[in-house]
Amino acid sequence: MSLKLITGIIILLGIFLFSCSKDKDDEKPKIIINSPFHLQQVNGIDTIQVLATISDDRNIESVTVSVRNENDINVLANVSKKPNTKNYNLNISYFFDNLQLENGVYNLSVRVFDGENTTSEYVKLFYNETPQFREGVFVVSNSQSLTTFYLLNDNYTANFYYSVQGNHLKTVVDSYNQQLIHSSSQPGNVSTIDLNSNSLGWNVNFNPFPLYTGFYSANQNLYLGEINGGIQGYDENGNPNYNTPINTGFYTECMHIHNNQFLVSEERSASTNAAHLVLYWMASGAINQQANLNEDVKGIFSKSTNTIILLVNNSFLSGKVLFYDVPSSFITSPFSVNIGKIEDCFEIENGTYLVAEAGNLTIIDVNTFTTSSYLLNIGAERIWYDEVTNELFVGNGNTLSVYDFTTKALKGTYIHSSEIKDVAFWYNK
């Protein structure tokens, strides 16, 4: 090959490489965020203006605005634009419409792509979450095979809201997903009502079997105990997501999630007086521990990592407190509460419980091993506490009495046309 030919090839190759290098875009887009400003305060359901000046030496293909938490995870929907120009003035309204978004600092990011290069700029925002408030109170009654929900207003009058087929086992409101959830025991059935549209949502229907014996809701999940043994879990859309082995001859009545590690279940024999306390792994549904019980459990609560509190009735129909030690699976009764039969209970704060017993309301404090009277001789059979309004609802047959929890002052009374089976609180989030 002649020297002239080699020189020509080198020159042509150089021209080709130079022209390629000229086509490559090494310049990134430029972004100046003009609004919002750094650490601007944003309140729940606010709309803010996002203003930015964007430029590129060639062409801006896309602009994306997002809000991300400290783990760089999107917490609101992205807003995207396709300018297809060298210079672009971004001007959008961004709606903070996630009612579940918690207080904290978030990053509002503007990301620009020019076909080859990406530039991102962000400002930090301080977010004040949407206050929680009560939308309403549902009063539940049942007549034969029809369960009916009434919406109680602030004047203590109620209006018909909805009816579903089946008897009544439990009714709750999932305020996160704005669902009213009802379970009947026989036939086993779960119905949901979309509170935004006031229409039926998903349902789980196993008519006529299984018969449900226990209902528990936590973390947007449902757990249903079945008469033929075992517990079935469902997510917020009614999809099965958890199950335990069938404990033949035993059925679940009372449940509780302990430390997000165990599903604790009181399981009673269908043919004898025998009962067990069973700890199932939350991760797998497999049995971790099982202990014998001689009492009827009315409430299960977490005291500490290693201690579970059981509020029970003994064979003489007297209230009793049991301590379950998780490491050893031993059950002890360290102090006597000297109360009547427990009808209902809830946790006021860690280690302190309000119980409806023998028509009275009594506070049990396992931190100090003491009991104290709250309200006497009011015929209390069922109790519900609204922590948002600090109101205590007390049910006795078809009468519902509402008290200020702190002062114990009676705020109002509602008398239903039949026995009140349940009360459920509906919040905005």
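Filter the range 150-177 down to residues that are surrounded by 20 or more Cβ atoms within 10 Å (Cβ to Cβ) and without any contact (Cβ under 8 Å) to a residue 60 or more places away in the chain and give me whichever is nearest to LEU224 (Cα to Cα).
LEU169
From the set of residues in the range 397-429 that are more than 15 Å from THR171 (Cα to Cα) and of a type in the set (A, V, I, L, M, F, W, C), which is surrounded by the fewest Cβ atoms within 10 Å (Cβ to Cβ)?
Out of the qualifying residues, it is ALA409.
Do you know which of the residues in the range 230-247 that are polar (S, T, N, Q) and not in a strand (DSSP E or B) is nearest to the chain's Cα centre (by Cα)?
Looking only at the range 230-247, we keep the residues that are polar (S, T, N, Q), and these are 232, 237, 239, 241, 243-244, 247.
Within this subset, residues satisfying the condition of being not in a strand (DSSP E or B) are 237, 239, 244, 247.
Working: ASN237: 13, ASN239: 16, THR244: 21, ASN247: 28 Å.
My answer is ASN237.
Got a number for residues in the range 308-326 being outside any strand (DSSP E or B) and in contact with a strand residue (DSSP E or B) (Cβ under 8 Å, 6 or more places away or on another chain)?
The first filter runs over the range 308-326 and keeps only residues outside any strand (DSSP E or B), leaving 314-318, 326.
Still in the running and in contact with a strand residue (DSSP E or B) (Cβ under 8 Å, 6 or more places away or on another chain): 314, 318, 326.
Of the residues in the range 308-326, 3 are outside any strand (DSSP E or B) and in contact with a strand residue (DSSP E or B) (Cβ under 8 Å, 6 or more places away or on another chain).
Please work out which residue is farthest from the chain's Cα centre (by Cα), limiting yourself to the range 48-89 and to residues that are under 19 Å from ASN103 (Cβ atoms) and β-branched (Val, Ile, Thr).
ILE48
Answer yes or no: is there a residue in the range 126-137 that is over 29 Å from GLN100 (Cβ atoms) and surrounded by 20 or more Cβ atoms within 10 Å (Cβ to Cβ). Even if it seems obvious, please write down each step before you answer.
To start, the set of residues in the range 126-137 that are over 29 Å from GLN100 (Cβ atoms) comprises none.
No, the conditions are met nowhere in the range 126-137.
From the residues in the range 80-121 that are surrounded by 16 or more Cβ atoms within 10 Å (Cβ to Cβ) and free of Cβ contacts under 8 Å to residues at least 40 places away in the same chain, which one is farthest from ASP57 (Cα to Cα)?
Ranking the qualifying residues of the range 80-121, first place goes to ASN98.
Taken together, the values in this text are just the output of simple stated rules run on the coordinates, not laboratory data. No experiment lies behind these values; they were computed from the predicted model shown. Methodologically, a virtual Cβ is constructed for each residue, glycine included, from the backbone with ideal geometry; neighbour enumeration extends over all protein chains shown.
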